[in-house]
1. Kindly indicate which of Ser222, Ser239, Ser226, Ser245 is modelled with pLDDT under 90 and of a type in the set (S, T, N, Q).
2. Quick check on region 49-61. Is at least one of its residues among the polar types (S, T, N, Q), closer than 27 Å to Tyr153 by Cβ, in a helix (DSSP H, G or I) and modelled with pLDDT of 90 or more?
3. If you check Cys298 against the conditions, is it under 17 Å from Gly235 (Cα atoms) and either in contact with a helix residue (DSSP H, G or I) (Cβ under 9 Å, 6 or more places away or on another chain) or surrounded by fewer than 15 Cβ atoms within 10 Å (Cβ to Cβ) (or both)?
4. Pull up region 234-265, narrow it to residues that are in contact with a Lys or Arg (Cβ under 7 Å, 6 or more places away or on another chain) and farther than 18 Å from Pro214 by Cα, then point me to the one that is surrounded by the most Cβ atoms within 10 Å (Cβ to Cβ).
5. Only one residue in Leu146, Leu121, Leu138, Leu175 is under 15 Å from Ala99 (Cα atoms) and either of a type outside the set (Phe, Trp, Tyr) or out of contact with any Lys or Arg (no Cβ under 9 Å at 6 or more places or on another chain) (or both). Which one?
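The values are calculated or read from the model by the stated rules, or taken from the named source; none is laboratory data. Only a predicted model underlies this, so the values are computations on that prediction, with no experimental measurement involved. Counting neighbours? That spans all protein chains shown, and the Cβs are built from the backbone with ideal geometry, glycine included.
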Amino acid sequence: MREEGEAISAARRALRRIKGLGAEPQLKEVAGALPEALRRRASDPKLGTWLLARLGGSGFTNAAFELLHVLQNLRLEGNVYHYSSVLTACEKGSAWANALNLANDMALVTVRSNQLSFGALISSAEKSGLWSWALHLLREMRSTWLVPDAISYSAGISACEKGCQWRDALTNLELMPVFGQMPNILSYSGAISACEKAGGNLWSLALGLSALLPERDVVSQSAVISAVEKAAKWGLALSLLEEMSLASVVANLVSFNAASSACDRRCCWQAACRLFHSLSSKTQKADLLSYNVVISACSVGRPRDALQLFMAMASRKLLPDVTTFAAAERACGASDEQAIPEVLQTMERWQIRLFRTRFRIFHPQNRRGGAEVFRLPTGRWMCSEDVNGVPPCSGSGSSNVRIV
């Protein structure tokens, strides 16, 4: 009992020391952090599991990976629980290369994988965007007579969603009941998002999957609204947004922006404005996409409102992008307001700030090389010398510059 107590005390000291080594310790550093009392008990499998699980669970992925090798050098006979602990750490740290190396090591020492180790590998592949690996591991898992659980299937479906493989995502969703696993909200959400990323053609399929959800959440409902938005079904998008409220699901900015985009696609500026102004009564704050959508929607029907929203972005500390400028220019073309000169001056200042480092040109008069040129909303060209206080490039067009 005394020796066991000393080993546990030594293990706690080792954890503190290893964590103090930083995020990426070397093998020698990890080995040097182990007290002598722990080295004498390094072959104890339970002690090894305790150490690896706590180190990996704290987010020290590389340290757990190195510690496993240190313990094996000290005659620890690694089992599936040791490897699973480190694989779980690799999954949390998105360390796919380390996870794959561990899987190869398991095969070399004939350690048979279990559901936990396979699940950690599949999740690691999913987080690294490797959908083909995730599907391969699911097939290999079934070939070894191990039944993937709902977590493994959900990770595989999510990997397919990230890889825009909607057919494979739906196939795995259909396989779950066949192998005795009922799809959960994560499985359905992944499949719905896969349909949404496939474009507007699968909006009805995404809508059908949402009806099968055991419970609704903001992620799945936002994905359905996004799928409907790509099909320009603005009325349905607004209905889904309203249903979220009735189901006590708090809509987020993704939900609002998707519904607003659907209204913009059908030039329903009234609905887009209502959604935008409703954000002020919510906990969310409008972002760049929110402004882009409402300015675009109002640029023809309500150009004055569009220009006011454009000018208000400065007080929100939001920097416009190309989409914002294009919508504001359309609003200027449809408006006869006296504020247009002020709007154009604001656009010039913002475009100089935004595009200053994006377009490099060679000017014949500038022998030292790169100047910068901008085509401003007023129609004139501006060079970087103009920005820096040096006389601007000659000419009012692009004939004197060459894009490189």
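1. None of the others qualify; the one that does is Ser245.
2. No: zero hits.
3. no
4. In this case the residue turns out to be Ala262.
5. Just one listed residue meets the conditions, Leu121.
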